[in-house]
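Data block below; observations after.
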Amino acid sequence: MNKPRVSFFREYRTILIFFLVMLVLPFIIGLFEGSTPELVWNNQGTYSKFIQGLLIEIFILALFAMSYDLLFGITGLLSFGHAMFFASAAYATGMLLKFTSFPFWVVLVLIFVLSVAQALLFSLVLPRVKGITFALVTLGMASVFHIVVTSTDLSKYTGSDVGLQGYPVPAFFNASAEKLRFYLIALFILVVTYILYKSFVKSPTGRVCVAIRENEGRAMMLGFNTANFKILAMIISSFTAAVAGTLHALYQPAIIPSIADLGFTVTGLLIVLIGGVGTLSGAIIGAFVYKLLDFGLRRFIGEGASFFLGAVYVVFVLFIPYGIVGTWMVRRLGWNQACKQGWQRLLRVFKSPPKD
Amino acid sequence: MMANEFLFETVNLSKHFGALAAVDDVNLQIRRNTLHAIIGPNGAGKTTLFNLLSGNLKPTSGKVFYNGNDITGQPIHRMIHIGIGRSFQITNVFPNLTVFENIRLASQAMEKGNFRFLTDASRLKKCEERAWAVAEKVGLKEKAFSPARMLPHGDQRKLELGMILAPDPSVLLLDEPTAGMAAEQVPELIKLIREVQADGNKTVVLVEHNMNVVMSISDTITVMNLGKKLAEGSPEQITSNKEVQTAYLGGLYEL
């Protein structure tokens, strides 16, 4: 009666295919513009490099969104301070590289410690507040961080509004010289994180996290000390966001304070909503949709892009509330049904509420 | 020793909600390996008493003893580890998880390895086996892979029972196990509860409105009214008790 156990390759077929496609993509794009794979390998092809750059940003966003999905979609904790995990790691990377002469591995260890410390800081309030109150408390904490980062008093260290610039990046991670290498590192980290996350969700601990999302009171009654599980999810999520933040700092020439504000948390939330809450793979697909839309619209429309982006999100939420992956999973609805329901939701927005 | 005769004991237990004394100075003793029913009219404080026993509510005053140990104020997640399992009047399951997963989680709580976060949950063989055994016992084996929210109400009640059987507690606190069930399904469930109690040396405490059920299966009945214990005794004693009749029928019919 037990479900048959499936092999690793079968289980992670989709992500492995994704990995292979992404692996050869720079070379294929190189071929289109007439650069041989050898040239691409030596970081030559212009267009290929450009696509790599775009994809690196997508991978970093996907990593960030996936860590948000673990917290929000799997464990059911709505946090509005997630950007802090990402931004603090980015700033820490930049500042440690700029103002200290620690070897890079020490920097990584310090960032790990920092991410755990932040998760524990958020966890302090976990037993006391739930739901939207928790979201607001985390928003408050992250806002403090944003204010500190942008304060002019600390501009010597953080660069204030201008951002942190001019930190030396270790030669191995130098994206401007070795873009393909950085691309492969980011891709590898994303794929490995996805597989680890997937196995986390299937693990005993992950099952309890899902149970907490579904019905925390009952999970407690079953005998699970839910606080511990939430803290663990928080630490894993925080650490992943920190990895994304470090990659961001290494890749970008400067760290600007906008990655620390609420807008960036909302970006993560949007990506998760587009892809499908609680699906993990939705974070990757959502990051692609988000970044490509953002990039494409900005390119062709310019300043007005935000308006259209907003409209696209509204359509997404109305017509496929389960997100791309989520809707794919519940195909029973069918497109007709989905469109009809979407229209009804849209009309309801404009209709006056029914009188009692 | 009292600890041996009575598994559960409350001493001057009270719970006040503002001015309302939902449970007022109740001394309740529940004998080991018996089926103890708590009945009473609506608002008598049965469910509040239950919540006090299961640790969902903290008493205003008084104490709860289990096996001679004071368990007042234990955190909720400790209760099942002490040996106290409870079910809910309103079905309280994990709606989007499968029936099997619901039961499996209930048994997983008792196992070691809850924090192994990279191995597959199916590696916890004992939980899997236990969950299948329980699913079969409560008659949900065929529906094991459907989401809990898709179950008809009667089956959700069974699932609720399965989730407290899985960790194998010594005391089952059942809050209206037959609530909202179709009449023809009730005997089946009652038979199941009786079986579990008889072959597992378990103590069952239940709140129930269905008098036929209460009278046919209980060893002891406690009648509550207005937060106080009104009467206690065997089903025969309770049926013939004048005070109980008054409480249920109201003073209007008093002769």
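The values are calculated or read from the model by the stated rules, or taken from the named source; none is laboratory data. This one's a predicted model, so the numbers in the text were calculated from it and none came from an experiment. Neighbour counts run over all protein chains shown; Cβ positions are idealised from the backbone, glycine included. With ligands, DNA and RNA removed, areas are computed over all heavy atoms of the protein, side chains included. Shrake-Rupley method; radii C 1.70, N 1.55, O 1.52, S 1.80 Å.
Worth a mention:
- Test: residue in the stretch A:226-233 that is away from every other protein chain (no Cβ under 14 Å) and either assigned to a loop (DSSP other than H, G, I, E, B) or buried (at least 18 other Cβ atoms within 10 Å of the Cβ) (or both): no
- Checked against the criterion of being open to solvent by 10 Å² or more (accessible area, probe 1.4 Å) and not in a helix (DSSP H, G or I), the candidates A:96, A:120, A:78, A:108 yield just one match: A:78.
- Of all the listed residues (B:159, B:172), the sole one being under 19 Å from the mean Cα position of the chain (by Cα), open to solvent by less than 20 Å² (accessible area, probe 1.4 Å), closer than 10 Å to residue B:99 by Cβ and touching a residue at least 60 places away in the same chain (Cβ under 8 Å) is B:159.
- Selected residue [open to solvent by 10 Å² or more (accessible area, probe 1.4 Å), more than 14 Å from every other protein chain (Cβ to nearest Cβ) and within 25 Å of residue A:113 (Cβ to Cβ)] from A:253, A:168: A:168
- Test for residue A:145: is it more than 19 Å from residue A:233 (Cβ to Cβ), of a type in the set (A, V, I, L, M, F, W, C) and under 20 Å from the mean Cα position of the chain (by Cα): yes
- The residues in the stretch A:171-224 that are facing chain B (nearest Cβ under 10 Å) and not in a helix (DSSP H, G or I) can be counted, and the count is 4.
- Listed by first and then second residue, the pairs linking a residue in the stretch A:307-327 that is more than 18 Å from residue A:284 (Cα to Cα) to a residue that is open to solvent by 40 Å² or more (accessible area, probe 1.4 Å) and charged (D, E, K, R), with Cβ atoms under 6 Å apart and 6 or more places separating them unless they lie on different chains, are A:318/A:345.
- Pair list, Cβ under 7 Å, 6 or more apart: the stretch B:70-93 residue more than 20 Å from residue A:214 (Cα to Cα), other residue of a type in the set (D, E, K, R): B:70/B:63; B:72/B:63; B:73/B:58
- Selection over the stretch A:132-159 of residues that are out of contact with any Asp or Glu (no Cβ under 7 Å at 6 or more places or on another chain) and either open to solvent by 50 Å² or more (accessible area, probe 1.4 Å) or within 16 Å of residue A:89 (Cα to Cα) (or both) gives a count of 19.
- So residue A:239, is it modelled with pLDDT of 90 or more, farther than 22 Å from residue A:58 by Cα and not polar (S, T, N, Q): no
- Of the helices (runs of 4 or more DSSP H) entirely within the stretch A:272-356, those holding at least 1 residues that are modelled with pLDDT under 85 and among the aromatic types (Phe, Trp, Tyr) occupy A:305-319, A:323-329, A:334-350.
- Yes/no for residue B:144 being in contact with a strand residue (DSSP E or B) (Cβ under 7 Å, 6 or more places away or on another chain), in contact (Cβ under 8 Å) with a residue 40 or more places away in the chain and under 23 Å from residue B:193 (Cα atoms): yes
- Unmet requirement for residue B:123, which otherwise passes all of (1) more than 9 Å from chain A (Cβ to nearest Cβ); (2) open to solvent by 10 Å² or more (accessible area, probe 1.4 Å); (3) more than 19 Å from the chain's Cα centre (by Cα): (1)
- Any hit, the stretch B:177-200, residues being over 11 Å from the mean Cα position of the chain (by Cα), buried (at least 18 other Cβ atoms within 10 Å of the Cβ) and among the charged types (D, E, K, R): no
- Output for the stretch A:160-189, where each listed residue is farther than 17 Å from residue A:57 by Cα, of a type outside the set (A, V, I, L, M, F, W, C) and in contact with a Phe, Trp or Tyr (Cβ under 9 Å, 6 or more places away or on another chain): A:167, A:170
- Output for the stretch B:97-120, where each listed residue is over 22 Å from residue A:11 (Cα atoms) and within 7 Å of another protein chain (Cβ to nearest Cβ): B:105, B:106, B:108, B:109, B:110, B:113, B:114, B:115
- Residue match in the stretch B:81-89 (condition: small (Gly, Ala, Ser) and either more than 29 Å from residue B:191 (Cα to Cα) or more than 9 Å from chain A (Cβ to nearest Cβ) (or both)): yes
- Checking each residue in the stretch A:245-262 for being of a type in the set (Gly, Ala, Ser), in a helix (DSSP H, G or I) and in contact (Cβ under 8 Å) with a residue 40 or more places away in the chain picks out A:245, A:249, A:260.
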